[in-house]
1. Can you tell which of Y47, Y7 is in a strand (DSSP E or B) and surrounded by 15 or more Cβ atoms within 10 Å (Cβ to Cβ)?
2. For the stretch 10-20, give me the residue count where each residue is open to solvent by less than 60 Å² (accessible area, probe 1.4 Å) and of a type outside the set (A, V, I, L, M).
3. Does T2 satisfy the condition of being under 27 Å from K159 (Cα atoms) and of a type in the set (S, T, Y)?
4. Quickly run through the stretch 106-132 and pick out the residues that are touching a helix residue (DSSP H, G or I) at 6+ places or on another chain (Cβ under 7 Å) and open to solvent by less than 70 Å² (accessible area, probe 1.4 Å).
5. Against the conditions (1) part of a helix (DSSP H, G or I); (2) under 23 Å from A84 (Cα atoms); (3) among the β-branched types (V, I, T); (4) open to solvent by 20 Å² or more (accessible area, probe 1.4 Å), where does T32 fall short? Just the number, please.
6. From H76, H122, grab the single residue that is part of a helix (DSSP H, G or I) and either in contact with a strand residue (DSSP E or B) (Cβ under 7 Å, 6 or more places away or on another chain) or among the hydroxyl-bearing types (S, T, Y) (or both).
7. Among the residues of the stretch 20-32, are any under 29 Å from I157 (Cα atoms) and of a type in the set (V, I, T)?
8. Can you go through A26, A42 and tell me which one is open to solvent by less than 20 Å² (accessible area, probe 1.4 Å) and under 22 Å from S101 (Cβ atoms)?
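The values are calculated or read from the model by the stated rules, or taken from the named source; none is laboratory data. Small disclaimer: the values here were computed from a predicted structure and weren't measured. Methodologically, a virtual Cβ is constructed for each residue, glycine included, from the backbone with ideal geometry; neighbour enumeration extends over all protein chains shown. Just so you know, the surface numbers come from the protein's heavy atoms only, side chains and all, with ligands and any DNA or RNA stripped out. Shrake-Rupley method; radii C 1.70, N 1.55, O 1.52, S 1.80 Å.
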Amino acid sequence: ATGEEVYSLAILIEEAIQKSGLSDYAYKIFATDLDRKALDIACLGVYANTIESEVPSDLLQKYFTKQGDHYQIVRHIRERVVFAKHNLLKDPPFTRIDILSCRNLLIYLQPPAQQAVLTILHFGLRTGGLLMLGLSETLADMQSYFTSIDSKQHIFIKKGESPLFLSSSMQYTPTNYPPPNLSVEYPTSLVERSSHRLSEV
């Protein structure tokens, strides 16, 4: 979407690193979406001051800079994230991922497409890597390839190698279900200010 989830994850990781004392621990987050406009907004990391009621005050002061009636996520957090337009069912997957959040995507897909996506996600994770799904989503036929470590929050750990030849999943053509509605309006001023588009680079 527009960066809320990925920046929340980045803040959680930063907090965990600081509590563990590993101040020089390096990590990178890849955040993907089909909607180019949503990615442009996410790159900026600028949000209305309504987030004051959603973000704990200590984290708001620590990880955001107030700019008039908006807040912007601090630069060192933005630099941890790479945004890219990406289609899970068509584009080559990222690999050797430690933690993969794919929440509330599968609910838009019919079972054959869900199976294809889960296979690709399994391939992208390193063995022992974590997969986080939405609370209304399940592993379906992929249960034997993951171990549940938090059934309430739908967090799973990858076990074994990739179950299927990846190219068969990448060749899936989603013709039997309607795509989600991606025609969302965003403030023109924020879109125009966006820069550093990964796809253009």
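1. On the way: Y7 fails: in a strand (DSSP E or B).
Y47 is the lone residue from the list that is in a strand (DSSP E or B) and surrounded by 15 or more Cβ atoms within 10 Å (Cβ to Cβ).
2. Residues in the stretch 10-20 being open to solvent by less than 60 Å² (accessible area, probe 1.4 Å) and of a type outside the set (A, V, I, L, M): 2 in total.
3. The answer is no for T2.
4. The answer is L106, L109, Q114, Q115, A116, V117, L118, T119, I120, H122, L131.
5. Tallying (1) part of a helix (DSSP H, G or I); (2) under 23 Å from A84 (Cα atoms); (3) among the β-branched types (V, I, T); (4) open to solvent by 20 Å² or more (accessible area, probe 1.4 Å), T32 fails exactly one: (1).
6. H122
7. Of the stretch 20-32, the ones under 29 Å from I157 (Cα atoms) are 20-32.
Okay, now just the ones that are also of a type in the set (V, I, T), so 29, 32.
Yes, because at least one residue in the stretch 20-32 is under 29 Å from I157 (Cα atoms) and of a type in the set (V, I, T).
8. Numbers: A26 fails: open to solvent by less than 20 Å² (accessible area, probe 1.4 Å).
Going through A26, A42 in turn, just one is open to solvent by less than 20 Å² (accessible area, probe 1.4 Å) and under 22 Å from S101 (Cβ atoms): A42.
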